[in-house]
Amino acid sequence: MGRYLLKRIWGMVISFFGITIISFFIINLAPGSPTDLQTDLNPRITPEIIEKLRKHYDLDKPVHVRYIKWLKNLSTLDFGTSLSPDGRKVIDKIKERLPVTVLINLLAMIIIIIVSIPLGLYISINKGKWKERVITVLSFLFYSIPSFWLAILLILLFGIYFHILPISGLKSINYASMNSFEKILDLARHLVTPLIVATLGGIASFSRYVASNFDEALKQDYVTLARIKGVPEGVVIRKHALRNALIPVITILGLSVPGLIGGSVIFETIFAIPGMGQLFFQSVMGRDYPVIMGILVLSSVLTLLGNLLADIGYGLADPRIRYR
Amino acid sequence: MKDRKSYLNLTIKRFCEKKSALVALFFIVALIFLSFSYPLFSKTSPDEINVDRILMPPSLDHWFGTDALGRDVFARVLYGGRISLLVGFVSEGIAIMIGIIIGSISGYFGGRVDNIIMRFTDIMLCFPVFFLILSVIAFVEPSIWNIMIIIGLTGWMSVARLVRGEFLSLREREFVLYERAVGNSNLKIMFKHILPNALNPVIVSAAFGIAGAILTETALSFIGLGVQPPTPSWGNILTQGKDILEIAWWISLFPGLFILFSVLCYNLIGEGLKDALNPRQY
Amino acid sequence: MKRLIAIIILLIFIAGCKNKQINESVQISSDSKDLGDKLIEGTIGDASNLIPFLASDSASHQVADLIYNGLVKYDENLNIVGDLAESFEVSKDGLKIVFKLRKNVKWHDGTPFTSDDCVFTYKIITDPSTPTPYSGDFMTVKRVFNPDKHTFIVEYKEPFAGALSSWGVSIVPKHLLEGKDITKSELARKPIGTGPFKFKEWVQGERIELTANDDYFEGRPFLNGIIFRVIPDMSTMFFELKSGNIDLSGLTPLQYERQTDSDTFKKRFNKYKYLAFAYTYLGFNLQRKPFDEKRVRKAIAYAIDKNEIIKGVLLGNGVEATGPYKPDVYWYNGNVERYGYNPEMAKKLLKEAGFEDKDGDGIVERDGKPLRFTVLTNQGNDARIKTAEIIQRRLKSIGIDMKILVLEWATFIKEFVHKRRFDALILGWTIPQDPDLFDIFHSSKMEKNGLNHYSYKNEELDELLVRGRKIIDRKERKKIYDRVQEILGDDCPCVFLYVPYALPVVDRRFRGVEPKPAGIAYNKYKWYVPKLEQRY
């Protein structure tokens, strides 16, 4: 186990450097520079001003020099400062966006799990019946709807026609003057529509995943054995099949760890939620290298960790898997 | 050889037993036919502008109404279907080709080669897909072909993993050992003997992949980086319609339904293939 | 479990309904100028930096403009008047301006405002280490000095027509910035100015809240505050507006014409309409064939139906542009070649230039080379893309094959516009108050990164543009720019397409909104809401 971990961590370190090098060079080779948004097509800009701005942002130095400098700063956990006009610390920009994104993603993940597992079992148990077919078609339907279309339809329905839910944002204007119960209620009301949009697709695919795992588990020898031994069907399902069917769920959970901090631009744009997706999109469009790199570092570390956790969890739950 | 043929027959038979998949396949074929023969159905060309009939609701002249420049939405949706279906096929084709090559090399040779390639694949998987797409789009102009190539270039990783897995388990089989002993070249063994046996999961993932590519194009259109005007695609017609959903529902409804429908069909086909190609069930 | 969820959902819905009813009990009330209420304004993008000369995005400026003052400002009729300066005097030769400053002005932190702040602002803008796009305005300044606390004097090396207006730049507080690195200053996040509104709170990407400045030198604003809500999606913004959560927002032509005609909407909002300070054009690259020929450029100009574009793209909410100014400004000269839609003339001009469709493929050619070109525009601007699509159809009908390429902004500028790698492009310019066009049309701006991306050179125009910068007298100056517009119309380095209308709506409870040539936003500190209608 110890050797296995060591080997995995060494691999993670290599991957990490690979990721940062590739992304740093991709970003820097792309045309355009962060000064563009400030200087482009502004009649007041002279070439001297552009040079001045470039110097200010270190853009006059070669890429590898900048990469080494960036790496040095990273070793002291310094992500640098944003190149956008606000000139703020990258870590601050990420920090203020993170809670919203994590909150929504975490809630969405919990809802997806809570709904999908029973739904998956239900599908599996009723396989072949019309109920299963209806659910299957519905779940494919929700999986196939472009998310922004669904979002707008729901906003129109709940926000405009029925007038029962807020349209966008996370807090009402008078949020500050509410008591804590009202605050929670206000937040909850704002979250309903976004969460529906965020979870429907996930529920659709995850419940099918659970269902097929469960099917698989029911075909295993030990389940057949238990049935032959006369164990009641309910106990077979609960005790033998279910436990084994849920093992792959751990893998999926591990793999969704990085997803917790990744936002979706489209989702956040429509619901006017200032999350990581918008920050990332704006940074790419504005060629804000330090912010892009900061987010990539964070998400790749989480991805690598998530993979590791998934593998360990998998091994712990299923003794048949050995670490090599 | 005979074995393979009967296996194919069996697969087709199993696939046909799955009615939903069969119906889906039928619809996709019909859709492809329709979008390539749209001039037979539509009098107007998809980019015939007429500012005097902006945003007209569906009528006999314009079955799906007109858009913000007075163009016939029916013609645009059908023509856009051509683009969207093409995007799905070509980009997934590229992804599968890259995935097969990388995955089979990795799985066949194993060892250090496998290690390096899989490390690289893992690295690629670490990037958010949207970042990859955005950074490529920054290099190249967003023409239809580039969009397809981009979606393809950023979608091969899962295929590579699947193929590698199959190769790893197949390369120790007797028939491979035999071919090797006879002295066949690696290339021949890889692509003539192992690959056909490793294709099942790839075919299944291709059906899902096409669906995914259509949705990716739609998402790219939303942020303005999809197929560029005046060429219509379902994604960009839908995006154009979203801001005026209340007054011109027809602009977003029809492309929306077509996206929904075709993605649904591809998924059902994928499901059907999964059941048909997975002999473990029997 | 199920029941719990049901109860929660029910609670949420009930709470929602309750909120709603408050808004609808609005009554007609007297028109008294009461204090109170807040204005909630929707904005597409978040501000970036609230030190105004460090930011170049309009989102930052619309917020910062309420917090800071310049020495002078443009009033509602676009005349330059004193702002922090009580009065000002420009010497006859235009080489010296004396500003007499107001004496009762305080910064939001209570410190008195003095001429030291003005000197400091000048120094920091012209400091090479300040990353500002605005230092160009102050290149010709010889020196600035302040004989006393309330007098500020600028001397110029040579006469500069834009001198006075350049002092509309926001004056920043010396006592908070001196000796500090301005790029790391707290003021970028928590600005302190002299303006009618004070900064209160900024939730990144969500909203910026300002409150009334009780000590404002022109008197406290009537409103208690202004909140800018960031809503990046146009359709979401419109939904929020319709349900009454936003009081002020701009409309798209479609929303203005088709989506806001209902009685409920009209009961709640006042719609306004005035010409925006911007025009859209189709620019040619004169270095490329055949756009080096005036005839070809003119042929294309005649083939474009500007009215069709205005109808199709703006639904009639715009006027045709005939030059770089809009029709309702002082500098406008309508007596130029206007290029009304005339496809026959276009064909004739093409024929004169040797372009004819000999092989019958619908495309005209000369020496066997068909007339094909690509027009570029930037991604994210729906109006420009639609304009391109309409032009494409019109050019096709006279035998020109035009392709459209829509590019992401940074790539577009860096790789194509600056490097002159284009045939033609569709872009827009804002129309500044000062008529100076030197940067856009003078031949010295042809080289790399210059804004004369047409690579257009006309010696008479060059001379006029240089002269126009140095003449202080308005009437004399107008003569020069009248001639400039004639030359531009005749040479046709670009086809001026349209000036769109700005289409804002404001909730009816706000009084004192007066549309003027400057728009409606110039006097927000004078807007008020009668007590009975106040909401927040």
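Which ones in region C:404-446 are β-branched (Val, Ile, Thr), in a strand (DSSP E or B) and in contact with a Leu (Cβ under 9 Å, 6 or more places away or on another chain)?
C:Ile404, C:Val406, C:Ile426 - these are the residues of region C:404-446 that are β-branched (Val, Ile, Thr), in a strand (DSSP E or B) and in contact with a Leu (Cβ under 9 Å, 6 or more places away or on another chain).
Quick check on B:Phe120: is it within 18 Å of the chain's Cα centre (by Cα), in a helix (DSSP H, G or I) and facing another protein chain (nearest Cβ under 10 Å)? If you could, list the steps in order and put the result at the bottom.
Numbers: within 18 Å of the chain's Cα centre (by Cα): no; in a helix (DSSP H, G or I): yes; facing another protein chain (nearest Cβ under 10 Å): yes.
It is false that B:Phe120 is within 18 Å of the chain's Cα centre (by Cα), in a helix (DSSP H, G or I) and facing another protein chain (nearest Cβ under 10 Å).
Just to check your reading of the model, which residue among C:Lys403, C:Lys386 is in contact (Cβ under 8 Å) with a residue 60 or more places away in the chain, closer than 18 Å to B:Thr231 by Cβ and away from chain A (no Cβ under 14 Å)? Walk me through it before giving the result.
Details: C:Lys403 fails: in contact (Cβ under 8 Å) with a residue 60 or more places away in the chain.
After applying the criteria, what remains is C:Lys386.
Tell me which residues, restricted to region C:322-363, are assigned to a loop (DSSP other than H, G, I, E, B), under 39 Å from the mean Cα position of the chain (by Cα) and of a type in the set (Lys, Arg).
C:Lys326, C:Arg338
If I ask for residues that are crowded, with 16+ Cβ neighbours inside 10 Å and aliphatic (A, V, I, L, M), which ones from region A:254-273 would you list?
To start, the set of residues in region A:254-273 that are crowded, with 16+ Cβ neighbours inside 10 Å comprises A:254, A:256-273.
Of everything in region A:254-273, those that are crowded, with 16+ Cβ neighbours inside 10 Å and aliphatic (A, V, I, L, M) turn out to be A:Val257, A:Leu260, A:Ile261, A:Val265, A:Ile266, A:Ile270, A:Ala272, A:Ile273.
Check C:Asp292 against each of (1) away from chain A (no Cβ under 14 Å); (2) in contact with a helix residue (DSSP H, G or I) (Cβ under 6 Å, 6 or more places away or on another chain); (3) assigned to a loop (DSSP other than H, G, I, E, B) and name the one condition it does not meet.
The single condition C:Asp292 does not satisfy is (2).
Quick one: how many residues across region A:236-278 are more than 14 Å from the chain's Cα centre (by Cα) and within 14 Å of chain C (Cβ to nearest Cβ)?
6
I'd like to know if region B:200-214 contains one or more residues that are crowded, with 18+ Cβ neighbours inside 10 Å and either of a type in the set (S, T, N, Q) or at positive phi (or both).
So the first thing to find is which residues in region B:200-214 are crowded, with 18+ Cβ neighbours inside 10 Å, and the list is B:200-202, B:204-214.
With either of a type in the set (S, T, N, Q) or at positive phi (or both) added as a condition, the list becomes B:200, B:205.
Yes.
When the residues of region C:340-360 are narrowed to those that are buried (at least 22 other Cβ atoms within 10 Å of the Cβ) and out of contact with any Lys or Arg (no Cβ under 6 Å at 6 or more places or on another chain), which ends up nearest to C:Glu257 (Cα to Cα)? First the steps, then the outcome.
Filtering region C:340-360 down to residues buried (at least 22 other Cβ atoms within 10 Å of the Cβ) leaves C:346, C:349-350, C:355.
Next, from what is left, pick out any that are out of contact with any Lys or Arg (no Cβ under 6 Å at 6 or more places or on another chain): C:346, C:350.
Numbers: C:Ala346: 33, C:Leu350: 38 Å.
In this case the residue turns out to be C:Ala346.
What helices (runs of 4 or more DSSP H), lying completely within region B:166-282, carry at least 3 residues that are aliphatic (A, V, I, L, M) and under 16 Å from B:Val87 (Cα atoms)?
Values: elements: B:174-182, B:195-198, B:200-222, B:234-242, B:249-277.
Because the criterion is at least 3 residues that are aliphatic (A, V, I, L, M) and under 16 Å from B:Val87 (Cα atoms), the helices (runs of 4 or more DSSP H) in region B:166-282 that meet it are B:200-222, B:249-277.
Quickly run through region A:143-155 and pick out the residues that are under 18 Å from B:Leu257 (Cα atoms), modelled with pLDDT of 85 or more and part of a helix (DSSP H, G or I). Give the derivation first.
Pass one, region A:143-155, residues under 18 Å from B:Leu257 (Cα atoms): A:143-154.
In the following step, the residues that additionally are modelled with pLDDT of 85 or more were identified as A:145-154.
Hits for region A:143-155 are A:Ser147, A:Phe148, A:Trp149, A:Leu150, A:Ala151, A:Ile152, A:Leu153, A:Leu154.
I'd like to check something: does region A:183-205 contain any residue that is over 25 Å from the mean Cα position of the chain (by Cα), within 13 Å of chain C (Cβ to nearest Cβ) and of a type in the set (Asp, Glu)?
no
Report, by residue number, each residue of region C:48-61 that is over 18 Å from C:Ile171 (Cβ atoms) and either more than 11 Å from chain A (Cβ to nearest Cβ) or not charged (D, E, K, R) (or both). Don't jump to the end; show me each part of the working.
Going through region C:48-61, the residues over 18 Å from C:Ile171 (Cβ atoms) turn out to be C:48, C:56-59.
The answer is C:Ser48, C:Ser56, C:Ser58, C:Ala59.
Can you name the residue in region C:109-140 that is closer than 25 Å to C:Leu95 by Cβ and touching a strand residue (DSSP E or B) at 6+ places or on another chain (Cβ under 6 Å) and, of all such residues, is farthest from the other protein chains (Cβ to nearest Cβ)?
C:Ser115
Considering every residue within region A:121-138, establish whether at least one is closer than 16 Å to A:Ile196 by Cα, assigned to a helix (DSSP H, G or I) and within 12 Å of chain B (Cβ to nearest Cβ). Full working, then the answer.
Applying the first criterion (closer than 16 Å to A:Ile196 by Cα) to region A:121-138 yields A:138.
The next check asks that each one be assigned to a helix (DSSP H, G or I); those that pass are A:138.
From what is left, the residues that are within 12 Å of chain B (Cβ to nearest Cβ) are A:138.
For region A:121-138, residues closer than 16 Å to A:Ile196 by Cα, assigned to a helix (DSSP H, G or I) and within 12 Å of chain B (Cβ to nearest Cβ): present.
Here's a check for you: in region B:27-71, which residue that is polar (S, T, N, Q) and outside any loop (DSSP other than H, G, I, E, B) is nearest to B:Leu257 (Cα to Cα)?
Start the filter on region B:27-71 by keeping residues that are polar (S, T, N, Q), which leaves B:35, B:37, B:42, B:44-45, B:50, B:59, B:66.
Next cut, outside any loop (DSSP other than H, G, I, E, B) only: B:35, B:66.
Values: B:Ser35: 15, B:Thr66: 17 Å.
Checked region B:27-71; the qualifying residue nearest to B:Leu257 (Cα to Cα) is B:Ser35.
Take A:Ile91 and decide whether it is within 14 Å of chain C (Cβ to nearest Cβ), within 19 Å of A:Ile27 (Cβ to Cβ) and surrounded by fewer than 19 Cβ atoms within 10 Å (Cβ to Cβ).
yes
Would it be correct to say that B:Gly235 is touching a Ser or Thr at 6+ places or on another chain (Cβ under 8 Å), under 20 Å from A:Phe267 (Cα atoms) and of a type in the set (Gly, Ala, Ser)?
Working: touching a Ser or Thr at 6+ places or on another chain (Cβ under 8 Å): yes; under 20 Å from A:Phe267 (Cα atoms): yes; of a type in the set (Gly, Ala, Ser): yes.
Yes; evaluated as a whole, the condition is true for this residue.
Do we find that B:Leu245 is out of contact with any Cys (no Cβ under 9 Å at 6 or more places or on another chain) and surrounded by fewer than 24 Cβ atoms within 10 Å (Cβ to Cβ) in this structure?
On the way: out of contact with any Cys (no Cβ under 9 Å at 6 or more places or on another chain): yes; surrounded by fewer than 24 Cβ atoms within 10 Å (Cβ to Cβ): yes.
When the stated conditions are applied, B:Leu245 passes them.
Among (1) within 20 Å of C:Asp57 (Cβ to Cβ); (2) surrounded by fewer than 20 Cβ atoms within 10 Å (Cβ to Cβ), which single condition is C:Asp473 missing?
Of (1) within 20 Å of C:Asp57 (Cβ to Cβ); (2) surrounded by fewer than 20 Cβ atoms within 10 Å (Cβ to Cβ), only one is false for C:Asp473: (1).
What helices (runs of 4 or more DSSP H), lying completely within region A:1-70, carry at least 1 residues that are within 14 Å of chain C (Cβ to nearest Cβ), surrounded by fewer than 16 Cβ atoms within 10 Å (Cβ to Cβ) and at pLDDT 70 or above?
Numbers: elements: A:2-29, A:36-39, A:47-56.
Here the list reads A:2-29, A:47-56.
Looking at the structure I just gave you, is C:Gly450 more than 25 Å from C:Leu241 (Cβ to Cβ), in contact (Cβ under 8 Å) with a residue 60 or more places away in the chain and among the small types (Gly, Ala, Ser)? Steps first, answer last, please.
Working: more than 25 Å from C:Leu241 (Cβ to Cβ): yes; in contact (Cβ under 8 Å) with a residue 60 or more places away in the chain: no; among the small types (Gly, Ala, Ser): yes.
No.
Could we say that A:Phe214 is assigned to a helix (DSSP H, G or I) and touching a residue at least 40 places away in the same chain (Cβ under 8 Å) here? Before the answer, list the steps.
On the way: assigned to a helix (DSSP H, G or I): yes; touching a residue at least 40 places away in the same chain (Cβ under 8 Å): yes.
Here the answer is yes, as A:Phe214 does meet what is asked.
Give the number of residues within region A:157-170 that are out of contact with any Lys or Arg (no Cβ under 8 Å at 6 or more places or on another chain) and either small (Gly, Ala, Ser) or surrounded by 12 or more Cβ atoms within 10 Å (Cβ to Cβ) (or both). Lay out the reasoning, then the answer.
The initial filter retains those residues of region A:157-170 that are out of contact with any Lys or Arg (no Cβ under 8 Å at 6 or more places or on another chain), namely A:157-159, A:161-162, A:164, A:167-168, A:170.
Narrowing further to those that are either small (Gly, Ala, Ser) or surrounded by 12 or more Cβ atoms within 10 Å (Cβ to Cβ) (or both): A:157-159, A:162, A:164, A:167-168, A:170.
Total satisfying the criteria: 8.
Hey, does region A:177-194 have a residue that's closer than 30 Å to B:Gly272 by Cα and assigned to a helix (DSSP H, G or I)? Give the derivation first.
Kept after step one, since they are closer than 30 Å to B:Gly272 by Cα, are these residues of region A:177-194: none.
Looking through region A:177-194, none of the residues is closer than 30 Å to B:Gly272 by Cα and assigned to a helix (DSSP H, G or I).
Would you check if there is a residue in region B:206-213 being within 8 Å of chain A (Cβ to nearest Cβ) and either closer than 27 Å to C:Thr236 by Cβ or of a type in the set (A, V, I, L, M, F, W, C) (or both)? Full working, then the answer.
Of the residues in region B:206-213, the ones within 8 Å of chain A (Cβ to nearest Cβ) are B:211.
Subset that is either closer than 27 Å to C:Thr236 by Cβ or of a type in the set (A, V, I, L, M, F, W, C) (or both): B:211.
Within region B:206-213, one or more residues are within 8 Å of chain A (Cβ to nearest Cβ) and either closer than 27 Å to C:Thr236 by Cβ or of a type in the set (A, V, I, L, M, F, W, C) (or both).
Give me the pairs: first residue in region B:128-140 and more than 9 Å from chain A (Cβ to nearest Cβ), second residue part of a helix (DSSP H, G or I) and modelled with pLDDT of 70 or more, beta-carbon distance under 6 Å, and six or more apart or on different chains, which are they?
These pairs meet every condition: B:Ile133/B:Ile150; B:Val140/B:Asn146.
The values are calculated or read from the model by the stated rules, or taken from the named source; none is laboratory data. Bear in mind that the values here come from a model prediction, so they are computed numbers and not experimental data. Counting neighbours? That spans all protein chains shown, and the Cβs are built from the backbone with ideal geometry, glycine included.
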